[in-house]
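Read through the structure below, which is laid out as structure tokens, and then see the notes.
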Amino acid sequence: MTRGPQRTAEPLTLNGGKLGELSFEWVEDRYHHVWRLGDTELLTSAEGHSGCTWPESPPLQQIHLQSFGDGREVVFGVGMSGRGHWSASFTLVPDLRCWIVELACRSSTKPETLASTYRLTNGWTPASGSSWELQVGDVVARMEPIQPTTTATREADLLSLQPAMIVETTPSTTQWAFRLRVSE
């Protein structure tokens, strides 16, 4: 199933069953997204605003859902802000019990900062490496930067997943990736 690009349209929700759901909602000039596990809100994207050259998270302005024959469902997104053009894919991978998020930013100038930033609900604790986890009933949700391209830092209730290195030459494209693993 493929849906066309959405702009200022209805919210889009990808239901992953026991892996939770990922919902996108249009706010001001971009899509915000939230991961939920049952009635528990796990993570909410922290977004910038239209005047922000390097926003806290990729400014997704068009999204679409595509289903693949192997069972994967993917929300693709693109957007622009300042000097950057962003792309993202949010892939539900039931066999691996996770969501994999891959991001990229193409820029004609060196980015000041790039990240995917989330507001955490109470209860997230450090796990192995630079991962963070949250116990929800009998289920554990774990946010994992995919290394070596990505690092994670936490300040108060904000978790930022960032490229380990921003490419110095311009124009250039910088990539980073992470996964939200759900286990029982």
(message) Against the conditions (1) β-branched (V, I, T); (2) crowded, with 19+ Cβ neighbours inside 10 Å; (3) not in a strand (DSSP E or B), where does T109 fall short? Just the number, please.
(response) (2)
(request) From V27, V101, V75, grab the single residue that is in contact with a His (Cβ under 8 Å, 6 or more places away or on another chain), of a type in the set (A, V, I, L, M, F, W, C) and touching a residue at least 12 places away in the same chain (Cβ under 8 Å). (result) V75
(message) Against the definition (buried (at least 17 other Cβ atoms within 10 Å of the Cβ), part of a strand (DSSP E or B) and of a type in the set (S, T, Y)), how does T173 come out, yes or no?
(response) no
(message) If I go through region 100-116 residue by residue, how many of them are farther than 17 Å from T149 by Cβ and not basic (K, R)?
(response) 3
(request) Scan region 113-149 for residues that are farther than 21 Å from A88 by Cα, among the hydroxyl-bearing types (S, T, Y) and surrounded by 14 or more Cβ atoms within 10 Å (Cβ to Cβ) and report the count. (result) 2
(message) If a residue must be within 21 Å of S183 (Cα to Cα) and either hydrophobic (A, V, I, L, M, F, W, C) or buried (at least 16 other Cβ atoms within 10 Å of the Cβ) (or both), how many such residues does region 26-71 contain?
(response) 7
(message) If I filter region 177-184 for residues that are surrounded by fewer than 13 Cβ atoms within 10 Å (Cβ to Cβ), out of contact with any strand residue (DSSP E or B) (no Cβ under 8 Å at 6 or more places or on another chain) and modelled with pLDDT under 95, do I get at least one hit?
(response) no
(message) Testing S107 on (1) closer than 14 Å to I166 by Cα; (2) within 16 Å of the chain's Cα centre (by Cα), one condition comes back false. Which one is that?
(response) (2)
(message) Anything in region 75-119 that is touching an Asp or Glu at 6+ places or on another chain (Cβ under 8 Å) and under 16 Å from R181 (Cβ atoms)? List them, or say none.
(response) T91, L92
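The values are calculated or read from the model by the stated rules, or taken from the named source; none is laboratory data. Just so it is clear, the model here is predicted, and its values are computed rather than measured. Don't worry about glycine lacking a Cβ; one is built from the backbone with ideal geometry, like all the others, and counts go over all protein chains shown.
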